[in-house]
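Data first, discussion second: the structure below is written as structure tokens.
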Amino acid sequence: KVPHVLLSVRRRTAAKATGRVFADEAALERVVKSGNAMTSEVLDLGSLPFDQQVAKMRRTNVLVGAHGAGLMHVLFLADEAVLLEIHPSYRLDRHFRLAARMADKVYLPLRSTRPVQCKGTSDAIPVDEGDFRAALDAALRVARSFDDGVSECGLVCDGRVLALDEGNKGHLPPGATPFSTRFPCGRRR
């Protein structure tokens, strides 16, 4: 089983111009979509009825989102899961770290180091793409370790590593062959 990543986003509309959004949602989505041997989706959870939100969470191994009430979905994540919380530079709250602990989930924080961009009462969090890539890579390394499969890779996995695990057959690049698992140095006694 490959991990499933859900990037939770909020979108401003004419009717709803408040709330925390990502300054460059498209860049974060590109990073998420650059991974292999995983599934992913980008979703505004507020666009779904609550029962469908919970069903999505039960299939999610890595939940990524901006600091905000929507991260309480950590309570409904798959049994083994990671919450990657993106903090705006000005917030010091630890609510979701504590919620993740109570739900027995792994918590990874990422703090934006640049000032937010304001539009009325809404703030847009600028997220460094390299920092996000590194944090998501770490979250996936943890999520891959939950399963019986290969956990030695993060966001992008070498096909030779993936080929070591039979469960990854559907996610192998063409021609991928596994590393040899024989001890290479002389004869062992």
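The values are calculated or read from the model by the stated rules, or taken from the named source; none is laboratory data. Because the structure is a prediction, the values reported are computed rather than measured. Glycine also receives a Cβ, built like all others from the backbone with ideal geometry; neighbour counts cover every protein chain displayed. All accessible areas refer to the heavy atoms of the entire protein, side chains included, with ligands and DNA or RNA removed. Shrake-Rupley method; radii C 1.70, N 1.55, O 1.52, S 1.80 Å.
Estimated at 0.36 nm per residue, the fully extended path between residue 102 and residue 79 surpasses their Cα-Cα distance by 7.0 nm.
Under a Cβ-Cβ cut-off of 9 Å, what is the net charge of the residues other than residue 127 that fall near it, where Lys and Arg count +1 and Asp and Glu count -1?
Details: positive: 114; negative: 24, 128, 129, 131.
Cβ neighbours under 9 Å give a net charge of -3.
Calculated from the structure at hand, P(r) over Cα pairs in 10 Å bins from 0, in percent is found among [x] 9, 34, 33, 15, 7, 2, 1, 0; [y] 8, 26, 28, 25, 12, 2, 0; [z] 8, 28, 28, 18, 10, 5, 3, 0 as [x].
Here the label points at residue 23 and residue 156, each 7 Å from Cα along the C-beta direction, are separated by 2.5 nm in the simple model.
Under the criterion of Cα pairs below 8 Å and six or more residues apart, the relative contact order for region 8-148 equals 27 percent.
Using a 4.7 Å Cβ-Cβ cutoff, the cysteines of the chain lacking any partner cysteine are 118, 185. Counting only protein heavy atoms and a 1.4 Å probe, region 59-189 has 57 square angstrom of accessible area per residue. For residue 129 paired with residue 13, estimate the spin-label separation in nm (one decimal), with each label point 7 Å from Cα along the Cα-to-Cβ line. The modelled label-to-label distance comes out at 3.0 nm.
In this model, which of 33/56; 1/56; 16/56 are farther than 20 Å apart at the alpha-carbon?
On the way: 33/56 18 Å; 1/56 16 Å; 16/56 23 Å.
Distance filter (> 20 Å) returns 16/56.
Note on the chain: with neighbouring protein chains present and a 1.4 Å probe, carbon and sulfur make up 52 percent of its accessible heavy-atom surface.
Give me the number: length gained by fully extending residue 121 to residue 92, i.e. 0.36 nm times residue separation minus the C-alpha to C-alpha distance, one decimal in nm.
Values: separation 29, 0.36 × 29 = 10.44 nm, distance 1.86 nm.
Once the chain is fully extended between residue 121 and residue 92, it gains 8.6 nm.
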